[in-house]
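Report on the structure given below.
Each value in this text was obtained by applying a stated rule to the coordinates, not by laboratory testing. In this text, all values refer to a predicted model and were calculated from it rather than measured experimentally. For neighbour counting, all protein chains shown are included, and Cβ atoms are generated from backbone atoms with ideal geometry for every residue, glycine included.
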Amino acid sequence: MRYAAIDIGSNAVKCMVGTVISSESPVVIKEMYARVPVRLGTDVFQSGSVTALSEKKLIDSLKAFVLLMKSWNVNSAVIAATSAMRDASNGTEILKHIEKETGLRTWIIKGKVEAALITDLFAGLGEKNVQKIMIDMGGGSTEVTFANPDGKRKSKSFQIGAVRSLIHEASRVELRKMLGFLEDNIDPFGQLMIGSGGNINALKPHFGLSEPLYLSLQELQRAYDMLHPLSVSERVERFLIHPDRADVIVPATEVFLKIMKFTNTQKMMVPKAGLADALILMQHRGRTPEQY
């Protein structure tokens, strides 16, 4: 089976085509990935709704993705929208337009569903007897999940995101809530922190060079110290970061730094996978977002 997943995020819309190798811990094999910088978060976090122009760009991008899926002979596909569409006053109306134009079932998924999908994707990583903390930071929200060795999970979504922070500085109240959630649930005897999202994935190849799957606190601090003084254009030129990533990568890095310092985490695993991978795995398991 070949699957496709479209992730309508706050910073961009992404399409991934892939297959799954079945085993004790299934592995998603990425065959095609495309990304269009339709930044819905700028509209929603400023005015509360998606503009007509942004909606047109979004639907045009989705139609192009549908054509790509046909050329790849995709057997199953889903579309999922996250924080910006959750917050948009016209999100439900746009969802209906998307389904009409693409013919694909579309969901606006809650933060807890996002967290559950990501947790399922990363559940097989690391040692089985160690607590795992998943930090999935998108453009509009950050999902924090604790997965304990006994199988128990606890997750919470916070209104802290890279695009949201660019428009409104990350709320101190929301940051305190997130750090408090971490403090209340972290295992003092050891844990594995796993970071995901476009910004941490973009930082890894430039700064996380000491270990293949990890980004250390020292490397993350170096990234912040190097990127923060630069203009957006300088970040693009020196590090070949996409322009629509170059402006949000610094506030995102700052949030990850706060988390690692607060929890005394010296290194974070960065598998360079995300919601699109998780949606493909979900389809492989014969599930839909309502079942999470």
Quick one: which residues, 5 or more positions from residue 9 or on another chain, have an amide H under 5 Å from its amide H? H modelled 1.01 Å from N in the peptide plane, none for Pro or chain starts. 14
Sequence-separation-based contact order of the stretch 111-269, relative, with Cα cut under 8 Å and 6+ spacing, percent: 22 percent
For a footprinting-style exposure proxy, rank 53, 275 by other Cβ within 10 Å, fewest first. 53, 275
Just to be sure I understand, if you calculate Rg and Dmax of the Cα atoms in Å for this structure, which of (1) 18.2, 51; (2) 25.7, 103; (3) 21.6, 85 do you get? (1)
In nm, the gap between the two label points placed 7 Å beyond Cα toward Cβ at residue 99 and residue 33 is 3.0 nm
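Once you list every other residue whose beta carbon is under 11 Å from the beta carbon of residue 208, what net charge do they have if Lys and Arg are +1 and Asp and Glu are -1?
Spelling it out: positives minus negatives among the neighbours equals +2.
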Given the rule -39500 (n - 2.57) for each run of at least 4 DSSP H residues, summed and divided by the residues of the chain, what is its mean residue ellipticity at 222 nm, to the nearest 500 deg cm²/dmol? -13500 deg cm²/dmol
In the stretch 3-110 the DSSP beta bridges are antiparallel at a rate, in percent to nearest 5, of 60 percent
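Exposed loop GluC sites (Glu not before Pro) only (DSSP loop, at most 16 other Cβ atoms within 10 Å): please give the longest stretch of the chain free of them, not including the sites.
My reading of the result: 170-292 is the longest stretch.
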Lys, Arg +1 and Asp, Glu -1 on Cβ, resulting dipole of the stretch 111-269 about Cα centre, debye, nearest 20: 280 debye
How many nm separate the modelled label positions at residue 254 and residue 187, each set 7 Å beyond the Cα in the direction of the Cβ? 3.3 nm
Among 141, 49, 22, determine the one that fluctuates most according to a GNM of the chain built with springs between C-alpha atoms less than 10 Å apart. 22
